[in-house]
Each structure stands twice: as C-alpha cells, then as structure tokens.
Amino acid sequence: MTTAHRICPLCEACCGLELGIEQDRVVSVRGYDADVASEGFICPKGAVLGELHDDPDRLRAPLVKRDGKHVEVTWDEAFAEIERRWPRGDRDAMALSLGNPTAHKFGLLLYGARFGRALGTKNVYSASTLDQMPKQLACGWMFGHWLSVPVPDLARTDLLVVLGANPVVSNGSMWTVPDFKGKAKAMQARGGKLIVIDPRRTETAALADRHVFIRPGGDAFLLLGLAHVLFAEGLVNVRLAEHVAGLDELRAAVAAFPPERVAARCGIAAAEIAELARTIAAADRAAVYGRIGTCTQEYGTIASWLVDAINVITGNLDREGGAMFPKAAAFAANTLGASGKGKGITTGRRTSRVSGAPEVFGEFPMGCLVEEIETPGLGQVRGLVTIASNPVLSAPNGARLAKALDSLELMVSVDIYLNETTRHADVILPGLSPLEDAHYDIAFPQLAWRNTARFSPAVFPRDDRPAEWELLLRLTAIALGKGAGADLRALDDALTADDVRRTAGPFAEPMLAMVKDLRGPERMLELGLRAGPYGDRFGQVPDGLTLAKLRATPAGIDLGALAPRIPEVLRTPSGKLELAPPALIADLARVEADLARPVPALVVIGRRQLRSNNSWMHNLPTLAKGKFRCTALVNPGDAARLGLATGTRAELARGERSITVEIEVTDQMMPGVISVPHGWGHDEPDTRMSVAAARPGANLNALLDDALRDPLSGNAVLGGVAVELRAIR
Ligand SMILES: Nc1nc2c(c(=O)[nH]1)N[C@H]1C(S)=C(S)[C@@H](COP(=O)(O)OP(=O)(O)OC[C@H]3O[C@@H](n4cnc5c(=O)[nH]c(N)nc54)[C@H](O)[C@@H]3O)O[C@H]1N2
Ligand SMILES: Nc1nc2c(c(=O)[nH]1)N[C@H]1C(S)=C(S)[C@@H](COP(=O)(O)OP(=O)(O)OC[C@H]3O[C@@H](n4cnc5c(=O)[nH]c(N)nc54)[C@H](O)[C@@H]3O)O[C@H]1N2
Ligand code: SF4
Ligand SMILES: [Mo]
C-alpha cells in the first residue's frame, strides 16, 4: 500500500487527508496528523472520498439529450452540439449559474470566472445569494472589500457567541475551522465560554455553556437590543477609535431599539438581552460570530453588519482573541495595492430585467433566474450554463425553475451527476474525480482560523478526459466566437498574459517568462503565490513562497497565527472602518416597521447534517446508511396540538404548495419552529443516482418563495418562513 496526501474538497474546513492506495483504489482515508491547518481532523464525508471516486453513477463521459434521453457521446460531439445550439445575438441571453463546489475547486473557480467574462452576460447567478451574500456585502461596506471578513480567533478567545451556525456539524462556514469541537472544548478548558443563539438546541448548543432560543429572523432585533444596551450602559469601548467612522450614527440608530421593544420579535426576554450585552462587554476577549441562520433571512445584511459592529464597539475587532482578518497567500485582493484607502464597493451598477433587483458583486439574486427565463421580451434568458450547481433542489421554488429549464434553447451543465437539475440539460460535461485533479483552496485561506498555505497534486493519473478547467476553456472559446476547435493552449496563454499585463504593467513579461512551463490553474496559482504577501516576489524575496515549495511540503506551510491588520486591510474610500454604512442605517426602517407585524404561529428553518453535503452526497452508500434523516423536527407542544408523533407523515404547506415530510418530535426545537434539511427530493424521473433515489426525502425548497429576498444583498429568505403543518391520516 502507498499513501498520498490530499486536501478534502468537500467543505470549508479543508482538512488534509492521508489516503491509503492499493493499485488504483483508495483503501483507507484518515486525517493527516502533520497537516498544518487541520492537524489530523476528518469527518464522515471526507472518509468516503474513495467512494465518490468509485461511484458508478458519477459521470465519466459527456451526455447529450437525444429524444428526451441522455446518451453518451464523444467530447467533440458534445462541444459541436453546444456550438451549434448556442444562442447568438444578445449576450444577456446566456445565463450562468455557479454552485457551491465551484468555490472548492480552483480549476472551476478560476476558469469559471474566465468563462463568465467571455460570456459578457449580466445574467450571473450563484449559490452566494442562497448563502453568504449579506455577510460579504456588510463587510464590503464596513471594511471596503468583499473578502475582508473577520473570523473568531478561537485559539485565544475567552467568549465565543454563535448565532445561526452549527459548526459542530458544518465544521464552520465563512470560517475555516477544522475540528471546531476540539478547539471549542480547549477554549472551555482554559475557562472560556461558548454561547449559542439558535431556534434549535443544536449539536453546537449541546456543547455550549449556554443556549438561548431565538425566533427565526429575530437576530437583527436581538443585535440592535444588544448594541442599545452597550451604548446606554456605557459599555462601549472602541479600541481602534482613530480608524473608526460612524460611531455617533450607530449610537443614534440603535437608540430606537431598547430591549423592551425588540424582545417579543426575537423571543428573548428584555432582561436576558441586557444581561447578554453585559456578558459580552465583560469578557476579556470575545468574538461574536453569525452565519447562515443570520444570512438567509429577511434582515440578513443588517444582522451581518451588527455582528461585526458589536465586535467593534466591544473592542474585540482585529485583536487577538477577538474577530480577526486572516491573510491568505494567494489571490487575496485585500492584501494588494495601497493599503488604508481604496475604492470601497459599489452595488446596483445594473438591475435585473424583470424585478429590478440590484447587482451585487457582479451577480443577480438566484431567486431572479426563473423569472428571467420565463418572461418574454428583449434580454430574455434563452440559454443557461450550470457549473456544479443544483438549483432545482437548492434554490427556492425549485419546481418552478425545473419547468422553466425545459423551455431553454440550450442548457449545458458542467457536473458529475445526472441529477434533479442536470436532467434538464441538453449537454452534460463531467469533470474528473477530485482525486484525478490537483487542489488549491482560493477562497478559504481568506477565512481560516490560522494562516497556512497548502497544495495537493492529483492522487491518480487521469486518462484522456479533460480537466474541468479545460472544459471551461473550450466553452470560453465558443463564447468568444473562436469555435469549439480553437487552439486551447494558445487561448489559455493569451488570457493569462492579458490578466498579468493588466495588473503587473512593466513587470508582466519577465513574470510570464518565469512561469512559461506551467499552464492552466497551476500557472495562475504560481503567479498568485509569488506575487502574494508571502511570495518570493519573482526572486526578490529568496525564501518566499512558490508553488514548488508547496509541492515539496504536503503537510502545508504554516504562516502563523492571525495578526492584527487594521488599518492595512481597510479599502473604504475614507480609509476608515465604517461603522454606520448609510444603506444599512436606511434599511433599519424595515426593521422598525416589522415591530408592528404579528409573529406567525409556525415557521420553518433549515438544518445541515453531518453525513450529508447540501444536495449531492446522498448517493454514497456509507453516508446513506442508517437512520432516515430528511425529517421535520417539531417541538412536543406543537406536535400535540397538531396531532403528530414521531414517524408519522405530515403535509408541510405554504400557500398552494406542499411537501410530505416525516415527523420527528423533539424538545430541541423552539415552540412554533420546524426544522427541515435542504438538498433532498431525489425522486425526479430520468436521473442517475441510484442510492439517493432509494430514500429520496422531500425538497424543502419546493415550498419556499423565489421572490422572498433581503433587498440589499438579494439573498434568498430560506428561514423563518410561515408554513402550515397538517397530519396525514
Ligand atoms: N432551504 C435551503 N436551501 C439552501 C440552503 C439552506 O440552508 N436551506 N443552503 C444554501 C447553501 S448555503 C448553498 S451553498 C446551496 C448549495 O447548493 P448548490 O450550489 O446547488 O450546490 P450543491 O447542492 O452542493 O450541489 C452541487 C452540484 O455540483 C455537482 N458537483 C459536485 N461535485 C462536483 C465537482 O467536483 N465538479 C462539478 N462540476 N460538479 C460537482 C453536484 O452533482 C451538484 O449538482 O444551497 C442553498 N440552499
Ligand atoms: N456536514 C455538512 N457540512 C456542511 C454542509 C452540509 O450540508 N453538511 N454545508 C456547507 C455549506 S454550503 C454551508 S453554507 C455551511 C453552513 O454552516 P452553518 O452556518 O454552520 O449552517 P447550519 O448547520 O445550517 O447552521 C445554521 C443554524 O442556524 C439556525 N437558524 C436558522 N434560522 C435562524 C435564525 O433566524 N437565527 C438564528 N440565530 N439561527 C437560525 C439553524 O437552526 C442552524 O442551527 O455548512 C457547510 N458544511
Ligand atoms: S470536515 Fe469538511 S473538509 Fe474536513 S473531512 Fe469533513 S468534509 Fe472534508
Ligand atoms: Mo453554502
């Protein structure tokens, strides 16, 4: 048996794994103890990477739909079909949908972006508006860059307050923190405390020193109440005052939200809100962390802003043991250019054709895609390319979208399964197995608990099938009108040279000469690493980072604990940390109006599960085994009132739409709140996921509304949505 080392591409924890290999098969997977970022941690998903590699349902050849059935064709036939059917004329007629795994594969991320630029369409959609857009927008306004997202310095904090996240299960999000549980326990062993604020007593809450139930969608109200108390009781302590603007505006804005006013809306007593504020202020070093529960709701951007505003006004931002900015080795735009001042961010440079939703960071809300396909007229979307994206299950009102997909002139999916979304595609282009591909994380080192740099080469050699970046390059050639038969090597050289010349000016030619033996994403990585903050600056810093150095160090290179970065990290036009961005202050009017609205009797929220990964890992036998997991968790009081018991079936309805769910009664749930995981509903015809289809579960998103969005970020509202639950007799 030989061993190979490989970063797990499945979730944001990015664990380093050690694979045992016999011939061309993975026979064991363990956490790699020497890995500088994950130190031996592994979860049940990483342990089945071999099963993913071997899955007979995973596509290995392109498929084209002929007479309603997908049939295998050659690569040339698949691309010829795409070229023949490509909608011409209006650039905006082609839409692009980027799914979650795109963020985990550097070939997809770098060449997906290239392809997007070649398309030149304004119709770009992604999982970001089903997920973290509010956080990135709030950070953009506060710190001046959409990738400047502070993360808790768990290794040194005394108090971690978690809202709307379950890192024991998710292993962190917008926060790369492998073995969150071990690190949280180590904090507790040093005397630190963990507080979890969640409508469900989660696996993370079970570990916590204190759990507080909150009404879904109540975070903005709670956080306003907390900030109010901090100001009112003189507990504000802004350590970075000379770098902070807007303190008076923030004080004035939260003055209208004393705990007594917000208590009913967040479901937390006024006295408890005041006491929580005092606890955070009293901690020596504290960090407040909010994640998907605080984003996928009506006030996602406001809640995300207030999380960091509280970190600032309690003196915990950018300080050891508080919330800190990581510094990534490559592609970290917030480390480049002049520091201190910048352009800041701009949104709404365009608006969507049908709803007039503003563009945010070059995207429209995923919820808008369906209406752009359905609504005739100039600029109608007639073609779609999905890249690792399964919106039929992951986007609200997936059933409506599924119908709309069949009306497209051309749909192409770059995907490894024939699933609920790709079954609508005219052409499916499968990438390699992750084990046949090299790996470097572009996004997650910007969000990691510690600064490190790691690279994994491919574990297995590949046959003559193209890598995903090569598929995307060929699509780029088609989009640019160069044809499917274009010289891809020359195109790659030209596109990379353009990028380098744009950013490096007179240094471009020598830089390009130094990387001439590389191609594709590895060449872009080499350029990014060497130009980055730890890089060798193309020879100027002799012991600086290069790709060769990372290749020689499978356990990765440790770049140290997080260090303070203000003012260097700031990119706002004022050069200051903006504590009271005007758009957010203005949006408080919505929160104010909501105080008068009645709270619905029953709402649904989502949940993530350890042995599942959004919509696509239900086909791996080891993960699929055991107890059926797509259940609706219901509080015992609600269950008694509605005549429901564990194991019975019920109809979960919203307006005219409904799904059938299996009930699990548990006092983990706050009264009036139901929890249903997303990513299920594998019972669509003409898919090829035999294991998943055996226990399909129900698609929560069939129920939710595509039009329900946070207006600032365009993020979908996926939680706190009013529903009815009826026993099926
Ligand atoms: N109701 C509700 N809905 C939600 C959420 C929620 O909490 N509640 N969460 C939202 C969030 S946070 C996210 S990120 C989205 C995720 O939703 P999506 O962005 O749709 O991502 P996945 O569900 O992970 O689906 C991944 C797709 O990529 C394919 N794939 C997997 N690996 C590869 C690969 O290596 N290469 C290629 N080319 N394709 C691959 C899979 O077959 C699948 O089609 O769901 C969102 N939807
Ligand atoms: N095992 C596993 N790991 C995953 C994934 C997976 O599917 N499986 N998905 C990955 C992805 S794409 C992402 S984005 C991350 C997400 O990672 P997390 O943000 O940790 O996501 P969840 O585990 O869904 O935790 C969200 C929590 O918010 C709570 N919640 C719901 N509504 C509200 C609310 O209004 N307010 C508050 N305060 N809480 C609320 C829910 O009860 C839930 O406990 O996980 C990633 N990791
Ligand atoms: S926690 Fe995430 S990165 Fe680590 S092994 Fe599990 S799936 Fe892979
Ligand atoms: Mo996500």
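The values are calculated or read from the model by the stated rules, or taken from the named source; none is laboratory data. No experiment lies behind these values; they were computed from the predicted model shown. For neighbour counting, all protein chains shown are included, and Cβ atoms are generated from backbone atoms with ideal geometry for every residue, glycine included. Remember, those area values only see protein heavy atoms, side chains included, never the ligands or the DNA or RNA. Shrake-Rupley method; radii C 1.70, N 1.55, O 1.52, S 1.80 Å.
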For this session: Output the number of the condition that Asp493 fails; it satisfies all remaining conditions of (1) touching a Cys at 6+ places or on another chain (Cβ under 8 Å); (2) open to solvent by 30 Å² or more (accessible area, probe 1.4 Å).
Result: (1)
Problem set entry | Long-range neighbours under 9 Å by Cβ, at least six apart or interchain, first residue not assigned by TED's automatic domain parsing to the domain that holds Val676 and basic (Lys, Arg) within the range 185-204, second loosely packed, with under 15 Cβ neighbours inside 10 Å and not in a helix (DSSP H, G or I) | Lys193/Asp209; Lys193/Arg210; Arg201/Asp667
Exercise. Mind checking whether some residue in the range 374-386 is within 16 Å of ligand 2 (Cβ to nearest atom) and of a type outside the set (Val, Ile, Thr)?
Worked result: no
For this session: Go through the range 1-14 residue by residue and tally those that are open to solvent by 10 Å² or more (accessible area, probe 1.4 Å) and in contact with a Cys (Cβ under 6 Å, 6 or more places away or on another chain).
Result: 1
Exercise. Got a number for residues in the range 94-142 being within 15 Å of ligand 1 (Cβ to nearest atom), touching a Pro at 6+ places or on another chain (Cβ under 9 Å), open to solvent by 10 Å² or more (accessible area, probe 1.4 Å) and more than 30 Å from Pro457 (Cα to Cα)?
Worked result: 1
For this session: Say whether the condition of being open to solvent by 10 Å² or more (accessible area, probe 1.4 Å), more than 16 Å from ligand 3 (Cβ to nearest atom), of a type outside the set (Gly, Ala, Ser) and at pLDDT below 95 is met by at least one residue in the range 318-334.
Result: yes
For this session: Would you mind stating whether Leu222 is open to solvent by less than 20 Å² (accessible area, probe 1.4 Å), within 32 Å of the chain's Cα centre (by Cα) and under 27 Å from Pro567 (Cα atoms)?
Result: no
Problem set entry | Qualifying helices (runs of 4 or more DSSP H) (wholly inside the range 365-432; at least 2 residues being surrounded by fewer than 24 Cβ atoms within 10 Å (Cβ to Cβ) and among the charged types (D, E, K, R)) | 369-374, 398-405
Seminar exercise, completed: Filtering helices (runs of 4 or more DSSP H) wholly in the range 100-190 for at least 3 residues that are under 17 Å from the mean Cα position of the chain (by Cα), at pLDDT 95 or above and among the hydrophobic types (A, V, I, L, M, F, W, C) gives 106-119, 133-143
Problem set entry | Every residue from the range 391-405 that is more than 11 Å from Glu374 (Cα to Cα) and either within 20 Å of the chain's Cα centre (by Cα) or without any contact (Cβ under 8 Å) to a residue 60 or more places away in the chain (or both) | Pro391, Val392, Leu393, Ser394, Ala395, Pro396, Asn397, Gly398
Problem set entry | Residue check, Gly46 free of Cβ contacts under 8 Å to residues at least 40 places away in the same chain, within 16 Å of ligand 2 (Cβ to nearest atom) and not assigned by TED's automatic domain parsing to the domain that holds Asn171 | yes
Exercise. In the range 611-628, what count of residues is obtained for those that are open to solvent by less than 20 Å² (accessible area, probe 1.4 Å), within 16 Å of ligand 4 (Cβ to nearest atom) and of a type outside the set (Gly, Ala, Ser)?
Worked result: 2
Problem set entry | Some residue of the range 439-448 being within 11 Å of ligand 1 (Cβ to nearest atom), part of a loop (DSSP other than H, G, I, E, B) and at pLDDT 95 or above | no
For this session: Mind listing just one residue for me: the one in the range 540-552 that is touching a residue at least 12 places away in the same chain (Cβ under 8 Å) and not charged (D, E, K, R) and, of those, farthest from His439 (Cα to Cα)?
Result: Gly544
For this session: Using the structure shown, decide if Phe257 is part of a helix (DSSP H, G or I), assigned by TED's automatic domain parsing to the domain that holds Phe143 and either modelled with pLDDT under 95 or aromatic (Phe, Trp, Tyr) (or both).
Result: no
